[in-house]
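Engineer: Once you've had a glance at the structure underneath, I'll fire off some questions.
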Amino acid sequence: MAITLADLLTPGGLVVGTLLTVPVALAALGGSRRLAAVLTALAVAANVGAGLLGTLRDVSGPQELGNRVISVVAVLLVGALSLRAREASARAARLAAEEGRLARERALRRLAEAVSGALGEADFVERAATALRELAGAEAVEIGRLTRATLREPHALSPADAPSHLGRRLPLEVLARMGGKGGAGDSSFVSHLRRRDGEDLAVLVTRPAVTPERLREALATLEAPLERAALLGDLRVQGERLARRGEVLQDLVYAFSHDLRTPLLANSMNMRAALRGAYGPLPDDYRATLENGLEANTELLALADQLLLLAKYESGEPGGERREVKLRDLTLGVIGQLGERAGARGVVFELELEGVSVHGLAHDLRRGVQNLLENAVKFSPPGGTVWVTLRGRGDEAVLAVTDEGPGVPPAREATLFGRFRGGGAGGGTGLGLYLTRQIAAAHGGTVTYARTAHAQSVFTLTLPRGEAG
């Protein structure tokens, strides 16, 4: 407005309206396209209006008219060029962001590949420390089991000559930052690799060159291979015992399930990367195919996990350190994992969970509970309800899972918990309920099935209670 007023008050030979290019350029570079277009139109109108008023006030010659035309053309050119510069800058920013995302994907893939294969927990920890140090550009990386604030085996340090905390209590200031707390400027990053059985590993990264968010992404990538390495370590011990006893079948199950998991994990990682755009835009049909393949891989990985546990229980010695397991927390965790699958079928959970605990193997108990809940979601009608109750009854913890499914045919009830008894309600791979019974028996408990008068199926898992929850 001030520029237009000055233009009106100055002689026609002095075209102050040319200064209107400044707000037009600023709007095009920093504002919206709509604002830039409105200001350009107003600037052109102001120039034309000022020129007409100047003609009425003074006698304008060719020079004044030419100056006015140049002013209008300058406004239009500045607006157009500024918009193009802004679009070019936005494209460059998008390309830079995409390049950064692809670089992160490649780094995470290299990290996963570094710890892939049939590794025991000790080998996994050693490889993970080296690969994580390379990804983070850190001065040193140390990984070890944290027991009572002391770092113990399995332990790895990269580089090997860096200061070690093995066998020493970690300082309180380090323990306080456990979980990756802190900012990008911190000289160290402290977090942990989670395991289902609670035997988490502490991770100490000295002077990382990447942000804490990148490090948390890397640790999330390592958790699944760690779980596999720990399970494979347990199974290797069992495999040696089975070989001494001549249990060839158990060795075959172990080898099959291990060989199945490795390519499936790699395939799942590649499909997830493709869905995230690592290989460029994908047609909708291809994305749907990848999503179906990823779901199938998840089911096969679950089958492999059950086969691994089956091999362990068939040996007659599940092994592992038993501890207090809070069944309420364990059940809520499984329900959280099944939320997406249940939501897709419109199945809802009704919960009544008391805080009771048992003494046992956390990972195995989780699989047993998961088998019952997966079974209920799978056979519930769309829009159905699954009732989950957990109560303490004397010296026992009782978990009941009730669904509105079709139930088990009477002819199958006698073999419901048998091995490879798939097909129909309570079926599937034929391993889930059998494995749940094995887990329950190994913990001194039972699992039963009943059909209620209201046409509901009830699976009840009963376990001896541990310490009060």
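The values are calculated or read from the model by the stated rules, or taken from the named source; none is laboratory data. Quick caveat, the model's predicted, so the values are computed rather than measured. All Cβ positions, even for glycine, are placed from backbone atoms using ideal geometry, and neighbour counts span all protein chains on display. Each accessible area value is taken on the protein alone, full model and side chains, heavy atoms only, with ligands, DNA and RNA left out. Shrake-Rupley method; radii C 1.70, N 1.55, O 1.52, S 1.80 Å.
Engineer: Give me the pairs: first residue in region 281-296 and modelled with pLDDT under 80, second residue among the polar types (S, T, N, Q), beta-carbon distance under 9 Å, and six or more apart or on different chains, which are they?
Structural biologist: Close Cβ pairs (under 9 Å, with a partner that is among the polar types (S, T, N, Q)) amount to 294/267; 294/268.
Engineer: Looking only at helices (runs of 4 or more DSSP H) that lie completely in region 335-448, which have at least 3 residues being within 23 Å of residue 308 (Cβ to Cβ)?
Structural biologist: 362-379, 432-442
Engineer: Filter region 351-365 down to the residues that are surrounded by fewer than 15 Cβ atoms within 10 Å (Cβ to Cβ) and charged (D, E, K, R) and list them by number.
Structural biologist: Once the filter is applied, which keeps residues that are surrounded by fewer than 15 Cβ atoms within 10 Å (Cβ to Cβ) and charged (D, E, K, R), region 351-365 yields 352, 354.
Okay, residues lined up against (1) basic (Lys, Arg); (2) at pLDDT 85 or above; (3) within 30 Å of residue 34 (Cα to Cα):
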{"residue": "89", "(1), (2), (3)": "no, no, yes"}
{"residue": "92", "(1), (2), (3)": "no, no, yes"}
{"residue": "103", "(1), (2), (3)": "no, no, no"}
{"residue": "132", "(1), (2), (3)": "no, yes, no"}
{"residue": "160", "(1), (2), (3)": "no, yes, no"}
{"residue": "177", "(1), (2), (3)": "yes, no, no"}
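Engineer: Continuing with the same structure: Within the set of pairs 6 or more residues apart or between chains, which connect a residue that is within 13 Å of residue 175 (Cβ to Cβ) inside region 140-160 to a residue that is outside any strand (DSSP E or B) and charged (D, E, K, R) with Cβ atoms less than 8 Å apart?
Structural biologist: 146/200; 150/168; 151/168
For (1) at pLDDT below 70; (2) part of a loop (DSSP other than H, G, I, E, B); (3) aliphatic (A, V, I, L, M), each residue gets a yes or a no:
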site: 216; (1), (2), (3): no, no, no
site: 219; (1), (2), (3): no, no, yes
site: 223; (1), (2), (3): no, no, no
site: 236; (1), (2), (3): no, no, no
site: 239; (1), (2), (3): yes, no, no
site: 271; (1), (2), (3): no, no, yes
site: 277; (1), (2), (3): no, yes, no
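Engineer: Residue 111: more than 17 Å from residue 278 (Cα to Cα), modelled with pLDDT of 80 or more and crowded, with 21+ Cβ neighbours inside 10 Å, yes or no?
Structural biologist: no
Engineer: Still on this structure, I have one more. Among 133, 194, which is the only one that is among the basic types (Lys, Arg) and either over 21 Å from the mean Cα position of the chain (by Cα) or open to solvent by less than 50 Å² (accessible area, probe 1.4 Å) (or both)?
Structural biologist: Answer to the check: 133.
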